[in-house]
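Here the structure is laid out as structure tokens; the discussion comes afterwards.
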Amino acid sequence: MDIVIRRAEPVEFEQLGEITAQAYLGDGLLGFGEDDAYLHVLRDVAARAQDGAADVLVAVDQDARLLGGVTFVGAGGPFADIARDGEAEFRMLAVSPHARGRGAGEALVRACIARARATDRCRRLMLSTQRSMHTAHRIYERLGFVRTPDRDWEPLPGFTLLTYGLEL
């Protein structure tokens, strides 16, 4: 299957937001389900793409069907959670359930790696992940990311996110 990674187009923002929200809900990643405040953030792709706050990338198949997306944050900004000086990060990686197992998630991560390498003075790519995201962890580790437990953090009390980093 041919997968193309490119910047999301405004006409795709709503669909990508829903793919992302449904992936998180379907995988049980939102502690408060439909009432989780983070659900609004996941759905609001336009806010992430606005004024270059972040690069929202999508994976599409040969028929231009949207398979998933990711948010790449190159040099700080309002969508950087853990990136420090000289680091980039990616967030909100999601693949539609019907497209899983076809390489879209890995292609999106590889695109983030390429963007980080092309970012001036960027020496590391970081990400946060939930403990239960085992399939994603395997992708990260296969691509050379290593756990950075000293950077684990809690966006909410008692809710720990694990971190991984890739030296560029």
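Structure notes:
- Candidate set from segment 95-114 (those that are part of a helix (DSSP H, G or I), surrounded by fewer than 17 Cβ atoms within 10 Å (Cβ to Cβ) and at pLDDT below 95); member that is nearest to the chain's Cα centre (by Cα): Pro97
- Single match in Ala53, Ala94, Ala104 (criterion: more than 20 Å from Ala136 (Cβ to Cβ) and of a type in the set (A, V, I, L, M)): Ala53
- Among the residues of segment 147-162, those identified as open to solvent by less than 90 Å² (accessible area, probe 1.4 Å) and either basic (Lys, Arg) or touching a strand residue (DSSP E or B) at 6+ places or on another chain (Cβ under 8 Å) (or both) are Arg147, Thr148, Pro149, Arg151, Asp152, Trp153, Pro155, Thr160, Leu161, Leu162.
- Some residue of segment 32-39 being among the aliphatic types (A, V, I, L, M) and under 19 Å from Leu108 (Cα atoms): no
- Total residues in segment 115-147 satisfying the condition of being part of a strand (DSSP E or B), more than 16 Å from Asp85 (Cα to Cα) and not small (Gly, Ala, Ser): the figure is 3.
- Index of the failed condition, Thr119 passing every other in (1) of a type in the set (Val, Ile, Thr); (2) open to solvent by 10 Å² or more (accessible area, probe 1.4 Å); (3) at pLDDT 95 or above: (3)
- Only residues that are farther than 22 Å from Gly74 by Cα, in a loop (DSSP other than H, G, I, E, B) and not small (Gly, Ala, Ser) were counted across segment 148-168, and they come to 1.
Yes/no per residue for (1) within 19 Å of Ala54 (Cα to Cα); (2) open to solvent by 60 Å² or more (accessible area, probe 1.4 Å); (3) within 17 Å of the chain's Cα centre (by Cα):
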{"residue": "Arg123", "(1), (2), (3)": "yes, yes, no"}
{"residue": "Arg142", "(1), (2), (3)": "no, yes, yes"}
{"residue": "Tyr164", "(1), (2), (3)": "no, no, yes"}
{"residue": "Glu167", "(1), (2), (3)": "no, yes, no"}
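- Among the helices (runs of 4 or more DSSP H) confined to segment 1-94, the ones with at least 2 residues that are open to solvent by less than 20 Å² (accessible area, probe 1.4 Å) and in contact with a Lys or Arg (Cβ under 8 Å, 6 or more places away or on another chain) are located at 13-26.
- Pair list, Cβ < 6 Å and 6+ apart or interchain, from segment 87-104 residues that are without any contact (Cβ under 8 Å) to a residue 40 or more places away in the chain to residues that are assigned to a helix (DSSP H, G or I): Ala88/Ala116; Phe90/Cys112
- Flag for Thr129 being under 21 Å from Leu30 (Cα atoms), open to solvent by less than 80 Å² (accessible area, probe 1.4 Å) and in contact with an Asp or Glu (Cβ under 9 Å, 6 or more places away or on another chain): no
The values are calculated or read from the model by the stated rules, or taken from the named source; none is laboratory data. Keep in mind it's a predicted model, so treat the numbers as computed, not measured. Methodologically, a virtual Cβ is constructed for each residue, glycine included, from the backbone with ideal geometry; neighbour enumeration extends over all protein chains shown. Quick note on the areas: whole protein, heavy atoms, side chains included, nothing else; ligands and nucleic acids left out. Shrake-Rupley method; radii C 1.70, N 1.55, O 1.52, S 1.80 Å.
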